[in-house]
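Each reported figure results from applying straightforward, stated rules to the coordinates on display, with no laboratory input. Remember, it's a predicted structure, so these values are computed and weren't measured experimentally. FYI the Cβ positions are ideal-geometry reconstructions off the backbone, even for glycines, and counts take in every protein chain you see.
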Ligand code: SIN
């Protein structure tokens, strides 16, 4: 990227005995006694060294176009979940840095929002091109800090970039309205205008796409942004911010602060200059943000947890159902909000499906994301593994049966065996909550009505999947499901051109597509009077 690299010292991530609190600087990521593959760490180290010397690894926050240290000099380790090695230490920022980022975003808003849509569009398009030009490096960076297999990471870079390309085009289509007036001497207009400064809080599971899905429509509308990426995966965000500057997006339009999540979140919520909060993450944090945004009455978009049912009917094409269920369940090692969380299988096909599915899952290759043919990487940290373990233990203690997997992988670290569990019941944790890991619980049902009732028996409502050969059933069940996204005979349905978002406690608002623009726009009514 034409920028000097920083010094990288390879060492293991901090152990658990350091005292920490959630979201604070120096949070431990790995606590277990780990097996550490020398081969894995050597590969990762050479990739990191290459990316570093090419200027892709940044260690500071990005405020007003300047690389900035935390004001108190604190740093936080960014670790590779596959090896436990420290990739780098990044600035651990808090409220003061966030307030400066907001001030810079606010100042830049005054000029960025005044540019023509065509001008904003051109710069967004350039940003898209630069990201695509560097998709291999960004993919490698993502695999290093997040753990997903390299092919999947490069796929996420293209997916993330697609939002920028799409919104570069949509920037030119922010139309208002002329309304026929009820009085002959009046002319009524509707203008759509950018909301202002946006606070974007993003998760670790998609280190690029969840940022671009928010930042691209915001910039396209004329807003400016303060991004808080997850402290677990800030490196992809920082590299993307650097490319935004190279694309001609002005300093201050995209700011990145990371570190102390609660202090950054509080500063974003408290500031009257931040007019919108957009968040992807847990339902619990989403609720806090929604409550916190009330103080200054900000617009809020929330993309929260799911509990996706994947319904396999007796009349499904078995191969299509197997392929689709594998894709939705094991994407990113089960760590997406739209991963199938419950696989509901009709009794007539249950045994056949369970055995073919278990066989396919057994064949999956687990390993470091840089390894040849690896389809399943590590989980993000120890806490994720403990959650998966506790859900599996709960199911077994209540009578469920492990068909394949069911324990930590022999590779050690945070690797978990791809798992299939049969005889799961609706009262088990695996049915009630999002497991966010590579565990597929199978639940048996008798009738279509049973499947719909079981599928809707949750407070979540993000994604659902149906596998059936009946067009009538696919329509009927799609209408009955209380979910924002429904995949019919398809396991991967996310795309920049379609609206993404949940019903019930899975969130508010939509991202992607033409609907994603509305989240960053105010509607203003103008009445011209005395026109005769
Ligand atoms: C998510 O898990 O939050 C996003 C998944 C997607 O965009 O498909």
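Odds and ends about this structure:
- Segment 98-164: C-alpha gyration tensor shape, a/c 1.5 cut-off, then a/b vs b/c: oblate
- At q = 0.06, 0.13 Å⁻¹, base-10 log of I(q)/I(0) for the chain (Debye sum, equal scatterers on each alpha carbon): -0.29, -1.28
- Span from the segment 404-483 Cα centroid across to the segment 487-532 one, whole angstrom: 28
- Residues within the reach of a label modelled at residue 119 (point 7 angstrom out along Cα to beta-carbon, backbone nitrogen below 15 Å), restricted to segment 246-289, are 248-251, 253.
- Whether segment 190-283 is rounded, prolate or oblate, judged on the alpha carbon gyration tensor where a/c under 1.5 counts as rounded: oblate
- Here is how the number arises for the chain: DSSP H runs of 4 or more residues each give -39500 (n - 2.57), the sum is divided by the residue count, and the result at 222 nm is -11500 deg cm²/dmol.
- Taking the centroid of alpha carbons for each part, segment 106-168 and segment 234-312 are 17 Å apart.
- Least to most buried among 299, 365 (fewest other Cβ within 10 Å first): 365, 299
- Antiparallel %, DSSP beta bridges [both residues in the chain], to 5: 40
- Segment 355-494, relative contact order in percent, only Cα pairs under 8 angstrom and at least six apart counted: 16
- When you restrict to C-alpha pairs under 8 Å that are six or more residues apart and normalise by the size of the chain, the relative contact order lands at 17 percent.
- Residue 490/residue 457 FRET efficiency (R0 30 Å; Cβ-Cβ; nearest 0.05): 0.80
- Label-point separation in nm, residue 262 to residue 427, each point 7 Å along Cα→Cβ: 3.5
- Ranked for footprinting exposure by Cβ neighbours inside 10 Å, fewest first, 331, 213, 50 give 50, 331, 213.
- Separation of the residue 50 and residue 386 label points, Cα + 7 Å toward Cβ, nm: 3.7
- The mean sequence distance of close C-alpha pairs (under 8 Å, at least 6 residues apart), as a share of the length of segment 169-238, puts its relative contact order at 31 percent.
- 411, 141 arranged by Cβ crowding within 10 Å, fewest neighbours leading: 411, 141
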